[in-house]
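Only one structure is covered here, and it is reproduced in the block below.
The values are calculated or read from the model by the stated rules, or taken from the named source; none is laboratory data. Owing to the predicted nature of the structure, the values given are computational and were not obtained by experimental measurement. Note: ideal-geometry Cβ built from the backbone for every residue, glycine included; neighbour counts use all protein chains shown. Only protein heavy atoms, including side chains, enter the accessible area calculation; ligands, DNA and RNA are left aside. Shrake-Rupley method; radii C 1.70, N 1.55, O 1.52, S 1.80 Å.
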Amino acid sequence: MISRTYIPRPPLCDFVEMFWYYEGYHVPHPKERVLPDGSMQLIINLHEDRLRAYDRENTNEARTFSGCLVSGPRSQFALIDTTCQTSIMGVAFKRGGGYPFFHLPSSELHNAQVSLDVLWGARAAELRERLLEARTPDARFQILEQALLAQAAGFRGHPAVAFALAELGQVPQSRTIAEVTSQIGLSARRFIQLFNEQVGLTPKLFCRVRRFQEVLRVIYREQAIDWTAVAADCGYFDQAHFIHDFRAFSGINPTRYAAHRGQFPNHVPLLD
């Protein structure tokens, strides 16, 4: 298997966590839960011009998209078809970083999956064709970098949102949302509106997802897990609150996640 990542140059690196590329990636299970982290992804299937996602309730019912897909900021798990990952690449945006590239509020993409051509028109198919013509991962990364630069609608976000992302991204939180709001000179209503438009989640939901992601990070690195300590260290009031939030975001309980964790923290085999 070929696995490569690339961090783009400024100004993209302020908005993009990384570009990623996999060739020859195979797993024994046909479906995976992808757990929410509050960020956006651009996913491009280089093997065939389609991607599939399954219904969270009826796991045999699939929806098919074009080979270029935008996955909006999520607070729910998605259910994907792993057979679409034979040759695939994408963009992992930083939290709040996808908004310059799709010309609509990120809140409109909350928990949504949208074919890129819906947002970019013919430029989506042109991008995929250029990527297919390139012969190396590095050449493909450069093409993708150029495409994002050409598509960006400016790189200026609201400074209040940038400040809030830095303050509220800490787990456990050192400041409340009310304390952050009091420092930025905006009404609570206006701040929530701006944050939701740029990040795709309300500040409260963003904090919950960040806390959930910290739980995954702790679980993923530990062999013997002290669940009471995990809950307390990540800022949950009690064990019941911790389990409720974990199930709300992942659809499974923490012990089941720990038993079936795989190569990537946010990908869990669907074994039902």
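This model, with +1 at the C-beta of Lys and Arg and -1 at the C-beta of Asp and Glu, gives the chain a dipole about its Cα centre of some 320 debye. Projected over every direction and averaged, the convex hull enclosing the alpha-carbon atoms of region 38-187 yields 10.8 nm².
Which shape class, rounded, prolate or oblate, goes with region 145-209 when its Cα gyration tensor gives a ≥ b ≥ c as root eigenvalues, a/c under 1.5 marks rounded, and past that a/b bigger than b/c marks prolate? The shape class here is prolate.
What number, in percent, do you get for the relative contact order of the chain if the mean sequence gap of Cα pairs under 8 Å and at least 6 apart is divided by its residue count? Spell out each step's value before the answer.
Working: 492 pairs, mean separation 57.7, N = 272.
This gives 21 percent for the chain.
Put Arg256, Arg189, Arg63, Arg217 in order of accessible area, highest first, and with a 1.4 Å probe you get Arg189, Arg63, Arg217, Arg256. Ile7 exposes around 120 Å² of accessible area when a 1.4 Å probe is run over every protein chain in place. Element breakdown for the chain at a 1.4 angstrom probe: carbon and sulfur atoms account for 50% of the accessible area. Protection proxy ranking for 72-82, 90-100, 107-117, using the average of other Cβ atoms within 10 Å per residue and placing the highest first: 90-100, 72-82, 107-117.
Applying both filters, DSSP loop and at most 15 other Cβ atoms within 10 Å, to the GluC sites (Glu not before Pro) of region 187-272 gives Glu222.
With the simple model of a label 7 Å out from the Cα in the direction of the Cβ, Ala62 to Leu104 spans 2.5 nm.
Taking max minus min of the alpha-carbon positions on each principal axis, region 1-127 gives extents of 39, 32, 29 Å, largest first.
Relative contact order of region 1-87, taken over Cα pairs closer than 8 Å and 6 or more residues apart, is 34 percent.
Normalising the average separation of contacting C-alpha pairs (under 8 angstrom, six or more residues apart) by the number of residues puts the relative contact order of region 198-272 at 25 percent.
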